[in-house]
Amino acid sequence: MAYHNRVIDHYENPRNVGSLDDKDKHVGTGLVGAPACGDVMRLQIKVNDEGVIEDAKFKTFGCGSAIASSSLATEWIKGKSVNEAKAIKNTEIADYLALPPVKMHCSMLAEDAIQAAIKDLEAKK
Amino acid sequence: MSKTYNCVSCKAPLEENLVICRVCQALQPIYSEVSPFRYFGFDPQFDLDELKLEREYLDLQVVVHPDKQAKRSAEECEYAKSHAIKVTQAYETLKDPIKRAQALMHLKGIELNLETHIQDPELLQQTLERQESLSNLSSKAAIKAFIDESEVAEAIVMQELSQAFRESNFDAVPERVAALRYAQKLYRDARMKLMHLTS
Amino acid sequence: MTFLQIQDPSAKLPPQEKRSPVIGIDLGTTHSLCTYVPGGEGEAPQFLTTPALVPSVVAYHEEKFLVGEEALEAIQTHGAPGIGSFKRLMGRGLHELPDFLIQRYKMKTSSDKGLTLEVGGQETTPIELSALILKHLLKAAQDKLGEDVCEAVITVPAYFDEAARVATKDAARLAGLKPIRLLSEPTAAALAFGLETKEEGRYGVYDLGGGTFDISVLNLHGGVFRVEATAGHVALGGDDFDQAVADYLRDKHALVEITPALLTAARSLKEALSDKDRSPLPYAFDLPEGKLEGECAIEELLPLWAPLVDRSLSICDQVLFDLEGRAADIKGIILAGGGTRIPYLQERVAAHFNCPVFHHGNPDQLIALGAGFQAQGLSGEGDHLLLDVTPLSLGLETMGGLADKIIWRNSSLPTSKTQTFTTFQDGQQAMLIHVIQGEREKVEHCRSLGKFELSGIPPLPAGRAKVEVTFALDVDGLLTVTAQELTTGTSQEIQIKPSYGMTPEKIEEMILDSLENGQKDMEERLTAQAMMEAKTLASEVENALSQDKALLSQEELSKIEGALKALQQMIQNKALREDLSQQIKVLGALTEAFAEKRVSQAVKTHLSSGPKIQ
């Protein structure tokens, strides 16, 4: 299944690990946590003057699902506009109707981090 | 806890745990609404005598464990089955400081949900930095030092949490519980790193 | 994908009223044993076979399967085809086994029997081979304790996963046994140690059997034996040490391959070297491939054994990690299993744990003894309580192929854990619950135990639905998984009975078959017994007549001679059991008076031969 393979891939080889200069006014930083698993996720976006996300970096410590989902998220938002990223939705088409469960606290963690990063950016204006 | 429970058999008040009557040894039915504190006969507070908990747990296991029911009536066997799970669950709740804190807050009518996302900048930033430090360590000595520091840090958070409960400062509890969880994870991650290095 | 199996409710022990003896069984890789510990003070435990150790070997000879010593003899004396160490195959699939083994025994995967293999051209399975050993043990137990014995506590490596445990239970049922509990081997060893010595405190058990390794740490206090942590390896054992010696001999003598005969030679060399004297030992082995002569000093073998010991100690580190602070006050390490006789191994374990390391009694018998004690305990006769743990984490597959653990390894049994999950897609109405076992992060590296679907989830945005999943593990290790959607209350549940390839229909069929054969077997056995009795009686009477027929009147003599001849005819013609038994009675009755006369005669003679010096 496509999503399955992508998650395993991102879990084994996370992309976009790193950090951006949080003092840069084009950079927004989102820092979120899910205490249940002890997950902490920092997701940063660099937005150009056209409102397009040029770069995204993350640092996540926690369970495999959290790491994979933040890696996937940074890959997805690169090249998107801030407005598109705000409306980030899960657009993966599932092959089956019955899908494996998502851990409660991992659900939406990356999305929350992105929203927090955007908010941080807007607060800088 | 204002409610008193009495033995279903001899009617004596159940002053300690709610599993077995100290007077007549009859097994009690399950009262589903009791807190793990009341169930074990412990005061509902954060500070706990760990040795007393271990003793009580083992004593109760001897009473309720499925392997020890050969001489009981059918009715008591049914009670024992439910107690066997409940004794272990209550023990685990009381033993784990975070579950214990959750149980105490529940008694106060406050639900402590660890699955809710937090955005506490200070706590998260500190955790991120500590985790990054750990990932940069490579020598056994450095990791051992980190483990010791983490152990101390965890103990400090425990003290603060204990204080918050003693002072009935319930607003401070959720944040300190989250801090405890992150401190526990740092300690565990550091130990795991050392184990992988030395095995 | 293997799916869940029909539930198999654990045997409910009959209350109070008199029940038949429950036996303990150590179904070992190299040897198997059977014990009985009677209730009551001062009653010593019994080993029900003579000798106590039955080789876990099966051979095919003269058109039938032989077991134990008989099998070994057939293999060694007549070159019969045979197999040992099949415990290593229990619950395993073809893909988990080494090529040379697959080839040697022509292993295959059958559609309804799981792993099959050939011994002497006969197709069989590891379950059937184990059942042969168990049947042999059961028979010995029934001979000693009565026909109605059928319940047993059977030991398994602590680290055996669900598939191997189910396979063991199936083998027991196939043998006509009721396995009322599977007991972890190190726990059994600690139980025997604790009950016999009355020692208390934190002890480790380092159990190196023929094919498996387990390390457990237990806390013994007030009759409660509580497992705190356990780890192990199902393919590391004394056999590997033998293999290392065989490699050494092969290289030293430039042999082409390692034959079973060479392995046997290697094992005896290892045993000969396993004592304190470290001087070089001369050896001479007469093998089909030629005579092997030379000298071996234990120093030459240590570098070959070191990596094996290293692996076991690395596994011990897992347990020390899980124990955290409690690791500091381990009072001693009990050594179990024949593999722990090697002094080099003992030294390294002692150094690693920094505490005393010792055997309690015979390391080959300790586990069986523990099984006997637990059998006594579960009969309601014992005072102790065993609190065991699940050795491997249990969890489920989450979206993306990663594993989430619900019940962590070393959780005390019985236990129940609940966790809440949610949906991945907007409007998702069904959830796939895939139950797995193992410590790894990726589902593909864990063992699949079963699957089911929860449907009827109300359509909601992704991440809003709440599905509570509960894992309940009972004291026999039976897992029940329930999933419930919280707003509607709709729920689904399964009891996990993982398959190792054998379908439940197939095993039931095999059990029925064996019951029928069991009847036949029983008949054969009773007939053989009667025949033996007849022969014994006939020869005794013959002997008595040759010495003392003068004591009989002519009438008495001719009656006895007639009955004797009739019995001898029956023996010759292999008469029916009932007829034999009848004639034995007749001859017995006729010779009773004769026997008395002979005794009186003997007393008279004795008295008349003068006073005896006291």
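The values are calculated or read from the model by the stated rules, or taken from the named source; none is laboratory data. Just so it is clear, the structure is predicted and the values come from calculations on it, not from any experiment. Here Cβ is always computed from backbone atoms with ideal geometry, including for glycine, and neighbour counts include all displayed protein chains. Side chains are part of the model used for accessible areas, which takes the heavy atoms of the whole protein and leaves out ligands, DNA and RNA. Shrake-Rupley method; radii C 1.70, N 1.55, O 1.52, S 1.80 Å.
Out of A:D39, A:D24, A:D9, A:D55, one residue alone is open to solvent by less than 10 Å² (accessible area, probe 1.4 Å) and either without any contact (Cβ under 8 Å) to a residue 40 or more places away in the chain or in contact with a Cys (Cβ under 8 Å, 6 or more places away or on another chain) (or both). It is A:D39. Going by the structure shown, is C:F471 surrounded by 22 or more Cβ atoms within 10 Å (Cβ to Cβ) and touching a residue at least 40 places away in the same chain (Cβ under 8 Å)? In short, yes. Residues that are part of a strand (DSSP E or B), open to solvent by less than 30 Å² (accessible area, probe 1.4 Å) and more than 13 Å from every other protein chain (Cβ to nearest Cβ) within segment C:219-236 comprise C:A229, C:T230, C:G232, listed in sequence order.
Of the residues C:A544, C:A538, C:A550, C:A575, the single one that is outside any helix (DSSP H, G or I) and of a type in the set (A, V, I, L, M) is C:A575.
Taking the listed residues C:A192, C:A158, the one that is closer than 23 Å to C:G382 by Cβ and assigned to a loop (DSSP other than H, G, I, E, B) is C:A158, with no other qualifying.
Conditions tested, residue by residue: (1) farther than 24 Å from C:L263 by Cα; (2) under 20 Å from the mean Cα position of the chain (by Cα).
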residue	(1), (2)
C:I75	no, no
C:K87	no, yes
C:R92	no, yes
C:Y105	no, no
C:T109	yes, no
C:G121	no, no
C:T125	no, yes
C:L137	yes, yes
C:V153	yes, yes
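More than 30 Å from B:K68 (Cα to Cα) and within 26 Å of the chain's Cα centre (by Cα): does that describe C:K252? For C:K252, the condition - more than 30 Å from B:K68 (Cα to Cα) and within 26 Å of the chain's Cα centre (by Cα) - is not met.
Assessment of segment C:458-473 against the conditions (more than 21 Å from A:A36 (Cα to Cα), out of contact with any Phe, Trp or Tyr (no Cβ under 8 Å at 6 or more places or on another chain), within 11 Å of another protein chain (Cβ to nearest Cβ) and not small (G, A, S)) yields at least one matching residue. Being within 11 Å of another protein chain (Cβ to nearest Cβ) and at pLDDT below 95 is not true of C:L392.
The condition of being touching a helix residue (DSSP H, G or I) at 6+ places or on another chain (Cβ under 8 Å) and among the acidic types (D, E) does not hold for B:E76. Applying the condition of being closer than 15 Å to B:D96 by Cβ and hydrophobic (A, V, I, L, M, F, W, C) to segment B:143-164 and asking which residue is least open to solvent (accessible area, probe 1.4 Å) yields B:L161. Within segment C:235-287, the set of residues being polar (S, T, N, Q) and modelled with pLDDT of 85 or more comprises C:Q243, C:T264, C:S268.
Going through (1) assigned to a loop (DSSP other than H, G, I, E, B); (2) in contact (Cβ under 8 Å) with a residue 24 or more places away in the chain; (3) within 13 Å of another protein chain (Cβ to nearest Cβ) one by one, B:I98 falls short only on (1). Of the residues making up segment A:84-106, one or more are away from chain B (no Cβ under 14 Å), assigned to a helix (DSSP H, G or I), open to solvent by 10 Å² or more (accessible area, probe 1.4 Å) and not β-branched (V, I, T). Across segment B:156-171, not a single residue is classified as within 12 Å of another protein chain (Cβ to nearest Cβ), under 27 Å from B:S135 (Cα atoms) and not basic (K, R). Against the list (1) assigned to a helix (DSSP H, G or I); (2) under 21 Å from C:R464 (Cα atoms); (3) more than 11 Å from chain C (Cβ to nearest Cβ); (4) touching a residue at least 60 places away in the same chain (Cβ under 8 Å), the condition A:D112 fails is (3). Scan segment B:33-48 and give yes if some residue there is in contact with a Pro (Cβ under 8 Å, 6 or more places away or on another chain) and closer than 23 Å to C:L479 by Cα, otherwise no. The answer is no, given that none of the residues of segment B:33-48 is in contact with a Pro (Cβ under 8 Å, 6 or more places away or on another chain) and closer than 23 Å to C:L479 by Cα. All of C:L587, C:L576 fail the test of being open to solvent by 60 Å² or more (accessible area, probe 1.4 Å), under 29 Å from C:D143 (Cα atoms) and not β-branched (V, I, T), apart from C:L576.
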